[in-house]
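*Asks:* Mind having a look at this structure? Questions to follow.
The numbers here are math on the coordinates, done by the rules we state, and not lab data. Just so it is clear, the structure is predicted and the values come from calculations on it, not from any experiment. In this analysis, Cβ positions are derived from the backbone assuming ideal geometry, glycine residues included, and neighbour counts consider all displayed protein chains.
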Amino acid sequence: MSAGPRQACNDRSPRALFTATALHITESIMIDHVGFSVSNYARAKAFFAHDPAMNQVRTLRAVIEEGLDKYAGVFVPGGQAPAVDLMQDPDMGAILRHFHERAKPTALLCHGPIAVVSAMPHAREFRSALIAGDVATAKNWAEGWHYAGYKMTVFSNTEEKVVEEQILHAKLYFNMVDALQAAGGEVITTTIDFEPNVIVDRELITGQNPRSDHPIAAKFVAALDRATGAASSRAIGRDKETHMKAARMHEYGKPPVLEEVPVPDIQPDEILVNVKACGMCRSDVQLVDGYFRKYADIPTPITLGHEITGIVHKIGGVVPKVAGFQEGDHVVVAPGWGDGVCRHCLVGNSHICPNVRWPGFGPYGGFAEFIPVPARYLIKVDKGLKFEQIAPLTDAGMTPYRGIKKLRDAGALGPNRIVGVFGIGGLGGYAVQYAKLLGGGATVVAFARNSAKLAVAKEYGVDHIISITGKSPTDVSNELSTATGQGDLDAIIDCAGAPEMMQLGFSLLATSGHYVNVGLVGDRIDIPLFPRVSREQTFHGSYWGNNTDLTEVMALAAEDKIRHTIKIFRFDQINEHIELLRAGEIVGRAVMKF
Ligand SMILES: [Zn+2]
Ligand SMILES: [Zn+2]
């Protein structure tokens, strides 16, 4: 980036104050401010400590006197200070007019865009009129403002309320949106608070809130490149060949850190996959929370994400030609990587191998741009399939498939049989479809607490839905009887594994019934033993799936027989979505897409 943006903001007060204050904020808050990334924080700290512009603070006036022609563009950062100082500072106004007249990139973020007011000949009077509540007079003072009619954005009124009033307990004299509108700006803000929003109009680039930092940086750098002709000479993608984004957990109980790490090497029998999408699973939340530690205390750092799909990027030297992989192939990652030699592996159940490894539960995972995968655990897929739809099929969409196959193979499905699907979250939405596809005419009933989730089950063709909220087992049994003519269930697939729901499920299980559990919400269950024995019931644990299961699921997907409820999110929204999932607020599956 040119020296311009940094130097032009080195005004006496706002940035200097910001810097001084920032250095007194605790490290953890600072890390939060740079995307939970320790390495970003280290870079920011080094920048503050060593960048000459950060250490030789000059006034805007001094910068003007040295001459603005050498600067390619200007950037005004956010922070509360610009709202008061920069919007009426004549030197700021002179700088903005310089960049406007020469059509040089002018970017302002968050509270920063209010500074464009300073380009008015009567900025102080305009501000005083606004504080007095006299909008008509303010409009008069704004006459001749050269940003009139420009599309722009700024911290919205509702965001302002959250930050200024609720957090900082400040008194607001006027809203910045209203001020820019009174001046003649065409202000566009998002209806959802803190959604990123960047508006570009001619040379002016404005960003609404702190979350607009990445998009505004991209647009500003592109504009600077155009202005200086630097794009062609810029090295392609900095260190893109050697480094990648990855969401890595460094400590149990703490959110993963979004950081840049080296692209991994591959072993001769591996393939490097360029990840295109990765689903987010409840297990990711549990991994962070330490749920699995008593079974496997995986050392950190752990790259999260195990529902992985992408493109073959590089093929190891001993990957057999007959495997038929070529660079550019679309693939899904079968998740249970066995040793290939034990009896479970030899019958195809590598996912229950005693030496199994799981992507997303060790150094490599799907919330990263690249992952090395043993070639035998990659399955080539139809290029017409959407990455965001097939990613969850490697777990959410495969686990219930294997569970339903167990019920089918045990003879628990077929005409005149009633099968219950418990829990309609990420897995249950698929389970109801497989219960219909493999059920051989069985009646399928979905049980859940959340009505939005039951509505998804209904849409996917389930025969009946029963909400269990606030109902006793007897109530539920009566409701089942009314719906199906039978008060108990011949087969159950439990996609939640929540203790209370399991107690309900077992109380509804018929004589000779089969119960398959694929959910792990709870940790222990307490159920009466006698009915299990006297009714000759069978409990099946069913864990994820093997290559064959995944190949069959992919075939169903290629035949367009699986429907999906997908919420796509970006890499930088991973932590936010971990929280949403923890709170049970995701309907269907949330999938990160690069
Ligand atoms: Zn999972
Ligand atoms: Zn094995």
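*Asks:* What three numbers, in Å, describe the spread of the alpha carbons of region 342-420 along their principal axes, ordered from the longest?
*Replies:* 48, 35, 21
*Asks:* Using a Cα-Cα cut-off of under 19 Å, which aspartates and glutamates could be cross-linked to residue 70, ignoring same-chain neighbours fewer than 8 residues away?
*Replies:* 11, 51, 91, 101, 203, 225
*Asks:* Using mean Cβ contacts within 10 Å as the protection proxy, how do 357-366, 216-225 order, highest first?
*Replies:* Packing order, densest peptide first, comes out as 357-366, 216-225.
*Asks:* Oh, and also: Just to confirm the filter: which GluC sites (Glu not before Pro) across region 526-584 are DSSP coil and have at most 13 other Cβ within 10 angstrom of their Cβ?
*Replies:* The qualifying sites are 536, 559.
*Asks:* Which of the GluC sites (Glu not before Pro) found in region 314-412 are loop residues per DSSP with 16 or fewer other Cβ atoms within 10 Å of their Cβ?
*Replies:* Qualifying residues, ordered by number: 327.
*Asks:* Based on the Cα coordinates of region 269-368, what is the per residue volume of their convex hull in Å³?
*Replies:* 111
*Asks:* Could you give the radius of gyration (one decimal) and Dmax (whole number) of the Cα atoms in region 165-307, in Å?
*Replies:* Rg then Dmax for region 165-307, in Å: 21.8, 66.
*Asks:* List residues of region 357-387, by number, whose backbone nitrogen lies under 19 Å from a label position 7 Å along Cα→C-beta of residue 321.
*Replies:* Residues 375-376 fall inside that zone.
*Asks:* I'd like the trypsin sites (Lys or Arg not before Pro) in region 378-446 restricted to DSSP loop residues with at most 13 other Cβ atoms within 10 Å, sorted by number.
*Replies:* Passing sites in region 378-446 are 383.
*Asks:* Highest mean first, what order results for 39-52, 201-214 on Cβ atoms within 10 Å?
*Replies:* For the peptides 39-52, 201-214, the packing ranking is 201-214, 39-52.
*Asks:* Also: With a/c under 1.5 counting as rounded, go ahead and sort region 404-493 into rounded, prolate or oblate using the C-alpha gyration tensor (a ≥ b ≥ c being the square roots of the eigenvalues; past the cut-off, prolate if a/b is larger than b/c, else oblate).
*Replies:* Since a/c reaches 1.5 but b/c is at least a/b, the shape of region 404-493 is classed as oblate.
*Asks:* I've got another one for you. Over region 454-570, what number does the Rg to Rh ratio reach, with both radii from the alpha-carbon atoms and Rh per Kirkwood?
*Replies:* 1.00
*Asks:* Grab the DSSP H runs of the chain that are 4 residues or longer, score each as -39,500 (n - 2.57), total them, divide by all residues and round the 222 nm result to the nearest 500 deg cm²/dmol.
*Replies:* Mean residue ellipticity at 222 nm (helix-derived): -9500 deg cm²/dmol.
*Asks:* If you average the C-alpha positions of region 301-373 and of region 519-568 separately, how far apart do those two centres end up, in angstrom?
*Replies:* For region 301-373 versus region 519-568, the Cα centre distance is 22 Å.
*Asks:* Next up: Tell me, rounded to the nearest percent, the portion of alpha carbon pairs in the chain spaced more than 30 Å apart.
*Replies:* Percent of Cα pairs beyond 30 Å in the chain: 61.
*Asks:* To continue, here is another question. Taking a temperature of 10 °C and a viscosity of 1.306 mPa s, what whole-number D in µm²/s does Stokes-Einstein yield for region 374-526 with Rh from Kirkwood over alpha carbon pairs?
*Replies:* 101
*Asks:* Given a cut-off of 24 Å, name the pairs among 314/593; 406/593; 245/567; 45/245; 386/567; 245/314 whose C-alpha atoms lie farther apart than that in the structure shown.
*Replies:* 406/593, as the Cα separations exceed 24 Å there.
*Asks:* Does region 104-197 come out rounded, prolate or oblate, given a ≥ b ≥ c as the square roots of the eigenvalues of its C-alpha gyration tensor, rounded meaning a/c under 1.5 and, failing that, prolate meaning a/b above b/c?
*Replies:* oblate
*Asks:* Could you calculate the FRET efficiency of residue 195 with residue 146 from 1/(1 + (r/R0)^6), where r is the beta carbon distance between them and R0 is 41 Å, rounded to 0.05?
*Replies:* 0.90
*Asks:* Per 10 Å bin, what is the whole-percent P(r) computed from every C-alpha pair distance within region 246-308?
*Replies:* 19, 47, 31, 3
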